[in-house]
Amino acid sequence: MSGTAAFQWGEYREALLFLGTAGVVAPLFHRLRVSPIIGFLLAGAALGPFGLGKLAERHEFLSAIALSDLEGVAKIAEFGLVFLLFMIGLELSWERLARMRLLVFGLGLSQVVLCGGAMAAAGVFWAGLGPAPAALLGAALAMSSTAIVIPLLAERRRLNRAAGRAAFSVLLLQDLMVAPLLFLISFLSEPHAETEGLKALLAFLPALAAMAALIVGGRLLLRPLFHLVAAAQSIELFTATSLLVIIGAGVASAAAGFSMGMGAFIAGLLLAETEYRREIEVTIEPFKGLLLGLFFVSVGAGLDFDRVIEDLPQVLVIAIGVIAIKTLVVFLLGRAFRMRPRIAAEVALLLAPGGEFAFILGGAAIASGVLPRNLGADAMLAVTLGLFALPALARLGEWLNPGRRLQDDEAEFAHLAPEGDVAAGKVVIVGYGRVGALIGDMLGRHEIPFVAVDNDVNLVAQTRDKGVDICWGNCMRREFLVLLGVAQARALVVTVENPQAAQEIVRLAHQERADLTIVARARDAWHATDLYELGASDAIPETIEASLQLAETVLVDVGVPMGYVIASIHEKRDEYRKLLQPTGEAARQRADRASTRLLELKKRRARPAQGLEDEA
């Protein structure tokens, strides 16, 4: 029995250690107001083969809590980058990518070429490398960390600032350069590469054709696929399909000779233009966070303390040299692209350390024999030390480029802004059936912008084809409302027929922003009272409103002047509103009772395979 238990622990040790690390590190560092990225890196260094793994050689009991299978962890951790690139693609669109072309293909390509060239020159004159190994080492060290820079900018709410957009553009170009550089490594590793250059180039054409087929096939198939799955009204199936698309696109891209991240990025770009984008973001975000955490743990676990101490002068020279060269080159490039000095400085500091793709390119170059093993290992250690320094460099860049001085700078980069919060400054209509569509029509007549949400896939597809700004999703999920940007909305209109769904949406929206104007459709007076208690600004009972409309028609038809009729109807509506709206201590108590009733109803109605709630 003990042998079986030991076997099971050995099988699941890495998974349990990582989940335990995520459960402790992220909340602890969040409480300390330190980026969790540093926590994952430190945890990896402590638990890895050069931390506790080293001590476990003398104290066997420590082997139970040490990460030993780094290769297995690294294979899974690679999906962190795949999911990150998918989410980046999901935030983009082909139109926005075209708007960013100057920074992506101008600043980004210049950064890779000049930084790579400068460090290749250092490799030739300082390390005595040949032209080919020096060029590959320079290209690897020119890469920056998408996996750390993007989350850092998002965490500090600077991703959509001028510096964040410029840094993102450069990182995007670097990601696009990984596949050609990997091809160059395999080309240089061939014994007769010089004489077979044309043959190698022709061999690369099928890979380009396969990538083109992936783009065309994705454009034709992805939207119908998600339409079919969304119609099943099952969160589990929707999650499974999202994962299938990401991993499937990554595997197809890898089979074509590119990186898995490239395929995931293209899949994200294609899905960014569909009505399922926001729901996919909400679904994938937890997977991306966990897998990125695992990636940082694997990077930290690769830090060889003994080798750092043994080659400390060389490792420090490489680490400091990389940061200094890239900071100077990127700053000068930023000024050449007419960035203000403080923006160029922040971008330069964000991109100064090496990145995760340096491990991929450097590892491939070492394995193929193009790059000397010792120098390559020291360079990878220098990149790891730079990753530890990146949060501090990001803070320094933020200090040099304070938010209070950015108003003029933001205007220069406004054309690069992402879609941002969908609902910002708009009226949100949840449920776009007959009632919601009529409200949308009236808002349109008064030129008030709105965005609609519904979970009827056929209705969403038909309405979207008519030019209405509508997306598919479940507004009873807090994450979806947050991603939608309901806190920045002008007002929220809830027209769903399901009473419990309406109450839950009103409760979540009110918690997200207490002063948000919320107008909700109520089934009757009792339902309206519950909606008021949960935070609705106005709740319109169908029965009462129908009676008032009938009364108005009768009074006009029997000859009462229209002005008197409208005034009396408004007075009666106000009387009902006062009766239905609770006040004072009674309001608080009734709100508590309404919340309790709602939770009880949700528990009773919960089923294992329950799908999304039906909306009008």
Can you run down the residue pairs with Cβ atoms below 8 Å, 6 or more apart or on separate chains, where the first is in region 440-451 and in the same structural domain as Ala491 (by TED's automatic domain parsing) and the partner is acidic (Asp, Glu) and surrounded by 12 or more Cβ atoms within 10 Å (Cβ to Cβ)? Pro449/Asp469; Phe450/Asp469; Val451/Asp469
Within the bounds of region 19-31, is there any residue that is among the aromatic types (Phe, Trp, Tyr), part of a helix (DSSP H, G or I), at pLDDT 70 or above and not assigned by TED's automatic domain parsing to the domain that holds Gly355? yes
Could you identify the single residue in Ala489, Ala514, Ala461, Ala501 that is in contact with a strand residue (DSSP E or B) (Cβ under 8 Å, 6 or more places away or on another chain) and of a type in the set (Gly, Ala, Ser)? Ala489
Single match in Leu109, Leu97 (criterion: surrounded by fewer than 22 Cβ atoms within 10 Å (Cβ to Cβ) and more than 29 Å from Leu290 (Cα to Cα)): Leu109
Tell me which residues, restricted to region 488-526, are without any contact (Cβ under 8 Å) to a residue 60 or more places away in the chain and farther than 18 Å from Ala452 by Cβ. Pro499, His510, Gln511, Glu512, Arg513, Ala514, Asp515, Ala522, Arg523, Asp524, Ala525, Trp526
Among (1) among the small types (Gly, Ala, Ser); (2) over 25 Å from the mean Cα position of the chain (by Cα); (3) buried (at least 16 other Cβ atoms within 10 Å of the Cβ), there is one condition Ala514 misses while meeting the rest; what is its number? (3)
It is to be established whether one or more residues within region 295-304 are crowded, with 24+ Cβ neighbours inside 10 Å, assigned by TED's automatic domain parsing to the domain that holds Leu114 and polar (S, T, N, Q). yes
Sole miss for Ile343 among (1) at pLDDT 85 or above; (2) surrounded by fewer than 21 Cβ atoms within 10 Å (Cβ to Cβ); (3) aliphatic (A, V, I, L, M) is condition (2)
Looking at the structure I just gave you, is Ser253 farther than 30 Å from Leu459 by Cβ, hydroxyl-bearing (Ser, Thr, Tyr) and either at pLDDT below 85 or part of a helix (DSSP H, G or I) (or both)? yes
Report yes if Arg478 is under 28 Å from Thr543 (Cα atoms) and not aromatic (Phe, Trp, Tyr), otherwise no. no
Check Leu393, Leu375, Leu387, Leu351 and return the single one that is over 27 Å from the mean Cα position of the chain (by Cα), touching a residue at least 24 places away in the same chain (Cβ under 8 Å) and closer than 29 Å to Ala135 by Cβ. Leu375
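Yes or no, residue by residue, for (1) within 21 Å of Leu292 (Cα to Cα); (2) buried (at least 20 other Cβ atoms within 10 Å of the Cβ):
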{"residue": "Ala358", "(1), (2)": "yes, yes"}
{"residue": "Ala367", "(1), (2)": "no, no"}
{"residue": "Leu371", "(1), (2)": "no, yes"}
{"residue": "Asp378", "(1), (2)": "no, yes"}
{"residue": "Val383", "(1), (2)": "yes, yes"}
{"residue": "Leu390", "(1), (2)": "yes, yes"}
{"residue": "Ala394", "(1), (2)": "yes, yes"}
{"residue": "Glu398", "(1), (2)": "no, no"}
Determine which single condition Ala127 fails, assuming it passes every other condition in (1) surrounded by fewer than 23 Cβ atoms within 10 Å (Cβ to Cβ); (2) over 25 Å from the mean Cα position of the chain (by Cα); (3) at pLDDT 85 or above. (3)
Tell me whether region 75-85 contains one or more residues that are more than 30 Å from Ala348 (Cβ to Cβ) and exposed (fewer than 15 other Cβ atoms within 10 Å of the Cβ). yes
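This table checks each residue for (1) small (Gly, Ala, Ser); (2) at positive phi.
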position	(1), (2)
Phe450	no, no
Asp456	no, no
Leu481	no, no
Val493	no, no
Pro499	no, no
Ala502	yes, no
Gly535	yes, yes
Picking from Gly485, Gly467, which residue would you name as being closer than 23 Å to Gly425 by Cβ, of a type outside the set (Lys, Arg), surrounded by fewer than 23 Cβ atoms within 10 Å (Cβ to Cβ) and touching a residue at least 60 places away in the same chain (Cβ under 8 Å)? Gly485
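The values are calculated or read from the model by the stated rules, or taken from the named source; none is laboratory data. Computed from a predicted structure; not experimentally measured. FYI the Cβ positions are ideal-geometry reconstructions off the backbone, even for glycines, and counts take in every protein chain you see.
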